[in-house]
Amino acid sequence: MNHQALIAILLLAPLVGFLINGFRFRSQNYIAAGSIATSALIISFICAVILFFELVGMSPESRTIKAEFFDWIAVGNFKVNAGFVVDQISSIMLLIITGVGTLIHLFSIGYMHHDKGVTKYFSYLNFFIFNMLILVLGDSLLTMFVGWEGVGLCSYLLIGFWFSDSAKAAAGMKAFITNRIGDAAFLLGLFILFMSFGTLNFHELNALAPATMEAGWMGAVTLGTLMLFIGATGKSAQIPLYVWLPDAMAGPTPVSALIHAATMVTAGVYMIIRLNPLFVSAPNTMMVIAIIGAATAVMAATIGLTQNDIKKVLAYSTVSQLGYMFLAVGVGAFGAGMMHLMTHAFFKALMFLGAGSVIHGMVDEQDIRKMGGLKKYMKITHWTFVMGWLAIIGFPLFSGFFSKDEILWNAYSSPRGHIGLWIAGVVGAMLTAFYMTRLMALTFWGKSRVDQSVHPHESSASMTIPLIILAVLAAVSGFVGVPHVISEYLGHIPNFWEHWLEPVIRKLPEVELQSVTHSVSEEWTLMGTSVVLALSSATAAFIMYTKKLGSADKVANAIKPVYDLIDNKYYVDEFYFGAIINPLIAQSKKLWYYVDVNFIDKMTYAVTDFTQNTGKLVKTLQNGNMQQYAMYISLGLVAVLSFVLMR
Amino acid sequence: MSMDTVLFWFLSLIVIVPALAVVLLSNPVYSALSLVMTMVGVAAVFATLNAYFLAGVQLIVYTGAVMVLFVMVLMLFDLKHDLQTFSRGKVSGFLKIAGVGVMAGLLVGAISLATKKPSLIVEGSPLANELAAAAASGADNTKILAENLFLRNMLGFEILGVLLLVIAVGTVALSRSKGGTHARD
Amino acid sequence: MPLGGMIFITIFIAVFGTALIFLARAIGGLAKRTSAAKMEIYECGIKETEKKDSKISVNFYLTAILFILFDIEIIYMYPWALNFKDFLKDGTGALVFTSMISFMVLFIFGLWWAVKSKALEWEK
Amino acid sequence: MQEISLLLAVGLNHYLILSAILFTIGLSGVLLRRNLIVVMMSIELMLNAVNISFVAFSKYNYNPEGQVIVFFVMTIAAAEAAVGLAIIVSIFKRFKEVNIRFFEHLKG
Amino acid sequence: MGNSSLEIIINLAKTVVVFLMMVQAVPILVWLERRGSAFIQNRFGPNRVGPLGLVQLLADAAKFLNKEDFVPDKGNRLLFYAAPVFALIPAAVAYMAMPMSTPLKIGDSTFLIQGYEVNVGIVFILGISAMAVYTMLMAGFGSSSKFSLMGAMRASAQVISYELALGLAIVGVIMMYGTFNLTDMVLAQQGAFHFSGFGREFSLSFLPNWGIFYQPLGAVIFFAAAFAESNRLPFDLAEGEAELVAGFHTEYGGFKMLMFFIGEYGHMMIASGLMTTFYFGGYGIPGWTIAEVYQTGVSIFGSETGGSIFSSVMHFLSYNVKFAIFLWIFIHVRWTLPRFRYDQLMDLGWKTMLPWALFNTILTATVIFLASQYVI
């Protein structure tokens, strides 16, 4: 099987799945729809695995597989063709997307079986995967942008899946518009890069990236990368444009799992990693990214504390984990960022699906205050959820611990890192541990607050199997990239992750110049403090929410004003509406009234009236009175005569 | 005051006064008869212009045939006199009269202006003399007229023959039609 | 063309006629006895009841129209007849003769058609 | 002097002015009169005016062509009068109406 | 009209004389008619007043004068009065154009023995006689009675139809003599019958060179049409006593009636005058050309003027003899032929007279054409 065919099959399988389901979207046979969609994913997963092993077989330097299908744009010397590249980075992304995707398709068969639009749901899902694959495999920024847009569209379609409910439809719209704003910035970045480098191909761009660091803010690379980063914030829900993610929970839970945990939100991080040489040569952008990443992590974690909807909590935790990834990328630890992306994909997808099965069991009840003590009823969901919880709070030896710790260490140790960033990271970790434990306590442990009408039950096999697989992955995936410090005690497991990414990631130039090298003991102390702090906040949350339920409220009243601020999500939505959206609408209304109604319409009416009046005027000439005609003739004659005489 | 001048002024009187009567008299029969008078006057004017045959033809064709038809039709209709002889309408009326007035002024102006230009044939030229002699001879210039008519304008002559035939057929068909689809009598 | 004589004699007759009439009027007027019956138009036969609009008989004005058309055709013959012998001498006689004959053919056809189409039919 | 010679010597212009006056009278008749037959008569009047100017030109320019045209004009005028009156009669038979305003109904 | 003022006066006086001559002729004709008809119907006729009833005419005239002048109330007064006056004008004006004798040369001025000499004679006479229709229409419309209107219509329709035939007959004459001028025609009819054609000369000494021998058919048509023109008996349906009472002059009485008679007889005189001029050599004396007459006159009176006087008198006499013969034929026909019914009359006009006249014209044209082209 040559590579071209493999990539083609990989790409076309979800597309075919989408088309088949698309044409029979009215049928409610969820088994058929589900099986078509899932089999399409399985095919592309198999191809991804084959490709991965093909890459492994290659020598490290030339680990790239190219496939060009047709010339898309050929204007002058600017040529973009539908070219796809599989190399170290995109192969990992492929595995995550197709792997997690297949599991989520499997899960959603069970989850969506009672829904009328199930076939439509599966066709959207397949279409989403197809777009994500284009985004990831694209060999130029423009092809990536196609995927970028396609993904935005599918997220809109899937969030607003139950569009009959106006709130859900509004959420879909909100997601789409915020993404579009981000995309606009992305496009500007594209133009700037094209203007300065003349090409959009990743390989060429990375090669052209200037070796010297760009000092000022107005440089081409800095501006371009900054714009790209703003596009990334839109897609990956960072500080300015994150507002759409919490509302995106309006969509079905598997959708949130797939799109808002594993794949779409990571697109921004993937883009930065893909263009890391370019970002490296723009230190100021890196600094901005790091700061925003850290800020988002802390801010989202605080909001997570006060949320009562199980999916909202997970949504804010996603935002904060993405903050961590951007923090890693901001300080130059592209490998750590990539690793956290992978581990996060696993345990967050796991938790979302777990929440999905909880909601499924609780007959669409999402408020954690009405849950509790589900441990007894949903054994598998509970234990898989526990795995996810341990991973996310960074319990040692679990995947979350390795990737998060790596990020924190780099935040401190990297030449572009800073102690402040490390402190923010640790605070974020503490908060994450607290609200995750709160979630666990309120839903699974503690007294059952479920009202009589609902009697929760364990989900069917098709939903639990994916949970189990993901739980295993969440637990084990950390060992792929064990930091050197720990690996000595664990029998020298080689850090596969670094070797794998090493040829693609560009080292920070400052590393060579740097005089100070951090000692191993330093690393241990930092690691120790972060773990201890995280575990202590977890136990505190455990105690507050299982033993003494009332204590949470007491604390809330103690810091009333702060609590209200956080509870209302810092009034960001209200601010946006007040400051930007409403004035915009008001202005457009005014414009409509003055320009359209009064000016343009008036002009058109003027023209029509003119013709009508002249018509009426001329009509009187034709009244059949012969003598009048004779008169006109004679007047004409008189005119001609006088003209001739006067001349 | 040679004979011709007196004759011209008298004849122009005979032509113009009945012409005005044609337009002004309210009883159409009277205007028809005054038109006959005008035709006779015009025939006399032709005579003063040495076009004797034309004067005769004018008398026969116009006075003898066309006006008879007019008078006969008028008498057949037994129209005593019109209720409104002139078409009403203040503005259009004024416009018409103004138009006609200005027309008359312009025409007379044009003609008087024309005197400035030399006549087509220079007075003294041999051609003028020869033609003048022929004209002055008082010989009936019908010969020249006939020659011109039959030799040079043969086509016109034949077409007119056809025209007269066509009109004969047309008018007979027209008059014999029952006056449209639902004539009363 | 002795216009002078003509005009003089017409005026003379007009004056002479009107003088006679007024003379007769003056003399005859003495025995004027008017009565309604006498003043009425001389009628005989049945007293006319209501004034039925006179049936406009087509024939009269149709005859007049046909007369005009044929009269003009005759007028065209006059100059031809006048110079026919001279044309013959000039040698163009044949051409003129044929053209007039064709003209006459049209005349005859017109006449024939008028007669055949009963345009000149008078009620018995 | 100029005035007397104007009175005495009868030139081409006198005839042209005579025909112009006749033409104008005819035109005013066409424009002003309501009875269609009188309009037809005024048209005849205009045609006669034209004939006078033709003959005058033919005499003063010694060109017999003028008289031939007058010949033709007469024929056409007679033909036109015949057809016109035939139409008027057929309309009068049908509608008992000779007034020119009536013909506005024929506007269609 | 002559150059000196004396001549002008004489000429004008001459027109008046001719007019009066015409007017005087009417009573004579009336007398002749009444006597003639009586003679035909084997009765006496007016013989009481004066010798042979000649004064009868004066008595009639006086009677007409004191007849009541009557105008129908609904009638159109102006037209009613204008009609009789207008009846005279065309007859008189046309009659004057006919040459009655050779011109009289006294001293240096010559006088024409006729009203005035029109160089397009025939066309002029035709034109003027065409005006006669208006008197009938005016009279008919003036008296505004349906009978007189119908009478006028019929009379004018009849006159019109026969004018066509008249016109065509005249075409033949014009073709023969190649001129419109009546005097030229008379001069052309001098001497013995001679005709050149087909390359040879034909001549018959015993026949005068009159038009009748060249145009016999034309003459007959012309004469018949002339009857219709003047509404003489066979065609006098217009005032056919029986049917339409008195036609268009029903309402007329007294002197106005007399004028109509004058008009009617005027037309009769024109017709007979034209007949003599076209077909019977006008004032020419058969076998005695004008030049010879003039020579004999000179020889008798010795002077030029005497000769011209003699010739004009002699030709005047010959003209009047022919003229009287035709007038008698008019009267004679009136009392012998029955009247035509109207449709017969019109059919005759359109369906027989006109075609025959056309045939006659074509015949003359072809004969003349062949005569000049081929040599037999």
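We did not get these values from a lab; they are worked out from the coordinates using the rules stated. No experiment lies behind these values; they were computed from the predicted model shown. We place every Cβ from the backbone using ideal geometry, glycine too, and count neighbours over all the protein chains shown.
When the pairs E:Lys14/E:Lys256; A:Lys312/A:Lys560; A:Lys375/A:Lys548; A:Lys590/A:Lys616 are compared against a 30 Å limit on Cα-Cα distance, A:Lys590/A:Lys616 fall above it. At q = 0.20 Å⁻¹ the log10 of I(q)/I(0) for the range E:133-190 amounts to -0.71, computed by Debye summation with a single uniform scatterer per C-alpha, solvent ignored. Loop-located chymotrypsin sites (Phe, Trp or Tyr not before Pro) in the range E:291-376 (DSSP state other than H, G, I, E, B) with a sparse environment of at most 15 neighbouring Cβ atoms within 10 Å: E:Trp335, E:Tyr374. Judged by the gyration tensor of its Cα atoms, with axes a ≥ b ≥ c, the range E:3-112 is oblate; a/c meets the 1.5 cut and b/c is at least as large as a/b. For chain A, the calculated P(r), taken from all Cα-Cα distances in 20 Å bins from zero up to the bin holding the longest distance, is 18, 49, 21, 6, 5, 2, 0 percent.
What number results when the radius of gyration of the range B:1-86, computed over Cα atoms, is divided by 2.2 N^0.38 Å? Rg over 2.2 N^0.38 Å, computed on Cα atoms: 1.23.
Computed from Cα atoms, the angle from the helix A:118-137 axis to the main principal axis of chain A rounds to 80 degrees. Listing E:Met150, A:Met218 from fewest to most neighbouring C-beta atoms within 10 Å gives A:Met218, E:Met150. Take the Cβ atoms of E:Ser4 and C:Ile11, set R0 to 22 Å, and the FRET efficiency comes out at 0.50. With the largest listed first and rounded to whole Å, the semi-axes of the equivalent ellipsoid of the range A:354-507 from the Cα gyration tensor are 36, 19, 12. Here the calculated FRET efficiency for E:Asp184 and E:Phe316, from their Cβ-Cβ distance with R0 = 22 Å, stands at 0.70, rounded to the nearest 0.05. The phi torsions of the range E:157-167, fed into the Karplus equation with coefficients 6.51, -1.76 and 1.60 and a -60° offset, translate into couplings of 4, 5, 4, 4, 4, 7, 5, 4, 4, 4, x Hz, rounded to whole numbers, with Gly and Pro shown as x. Counting, for every residue in D:89-99, the Cβ atoms of other protein chains within 10 Å of its Cβ and taking the mean gives 6.
How high is the relative contact order of chain A, given as a whole-number percent (alpha carbon pairs under 8 Å, six or more residues apart)? Answer for chain A is 11 percent. Annotation note: GluC sites (Glu not before Pro) in the range A:518-608 located in DSSP loop regions with a Cβ neighbour count of at most 16 within 10 Å are absent.
Once both labels are positioned 7 Å from their Cα atoms along Cα-to-Cβ, the gap between A:Asp309 and A:Leu591 label points is 3.2 nm. At 10 °C and 1.306 mPa s, grab the translational diffusion coefficient of the range A:1-115 from Stokes-Einstein with a Kirkwood Rh over Cα pairs, rounded to a whole number in µm² per second. Estimated diffusion coefficient is 101 µm²/s. With the simple spin-label model, which puts each label point 7 Å out from Cα in the Cβ direction, the A:Ile46 to B:Ser112 separation comes to 11.6 nm.
Percent of C-alpha pairs per 5 Å bin in the range A:312-413, short distances first: 3, 13, 22, 21, 16, 11, 8, 5, 2, 0. Seen against the Cα atoms of chain E and their longest principal axis, helix E:121-130 is set at about 10 degrees. Extents of the range D:2-107, largest first, come to 56, 30, 19 Å (Cα atoms, principal axes, whole angstrom). The translational diffusion coefficient of chain E, from Stokes-Einstein at 25 °C and 0.890 mPa s with a Kirkwood hydrodynamic radius over alpha carbon pairs, comes to 110 µm²/s. For chain E, modelled as a GNM whose springs connect Cα atoms under 10 angstrom apart, the maximal fluctuation among E:Gly211, E:Gly287, E:Gly115 occurs at E:Gly287. Pairwise inverse Cα distances across the protein assembly as shown, averaged and inverted, put the Kirkwood hydrodynamic radius at 43.3 Å.
What is the distance, in nm, between label points placed 7 Å from the Cα along the Cα-to-Cβ direction at A:Ala552 and at A:Met173? Modelled inter-label distance: 3.4 nm. Evaluate E = 1/(1 + (r/R0)^6) for E:Val333 and B:Ala173, where r is the Cβ-Cβ distance and R0 equals 35 Å; express this FRET efficiency to the nearest 0.05. Efficiency, rounded to the nearest 0.05: 0.35. With N counted as the residues of the range A:574-646, its alpha-carbon radius of gyration over 2.2 N^0.38 Å works out to 2.43.
Taking other Cβ atoms within 10 Å as a rough exposure proxy, A:Met646, A:Met338, C:Met104, E:Met21 sort from fewest to most as A:Met646, E:Met21, C:Met104, A:Met338.
Tell me, Kirkwood radius of the range A:1-42 from alpha-carbon pair distances, in Å? When all Cα pairs of the range A:1-42 are included, the Kirkwood radius is 10.9 Å. Taking the helices alone, chain A has a mean residue ellipticity at 222 nm of -22500 deg cm²/dmol, built from -39,500 (n - 2.57) per DSSP H run of at least 4 residues and averaged over all its residues.
For the range C:55-124, the spread of Cα coordinates along the three principal axes comes to 56, 18, 15 Å, biggest extent given first. Starting from the Cα gyration tensor of the range A:492-584, take the square roots of the eigenvalues, sort them a ≥ b ≥ c, and report rounded, prolate or oblate (rounded when a/c is under 1.5, otherwise prolate if a/b is larger than b/c, else oblate). Oblate is the answer for the range A:492-584, as a/c is 1.5 or above yet b/c matches or exceeds a/b.
Against the empirical 2.2 N^0.38 Å (N residues), the range A:52-200 has a Cα radius of gyration ratio of 1.23. Neighbour counting of Cβ atoms within 10 Å sorts the residues A:Ser166, A:Ser414, fewest neighbours leading, into A:Ser166, A:Ser414.
Derived from the Cα gyration tensor, the three semi-axes of the equivalent ellipsoid of the range A:208-291 are 30, 13, 8 Å, largest first.
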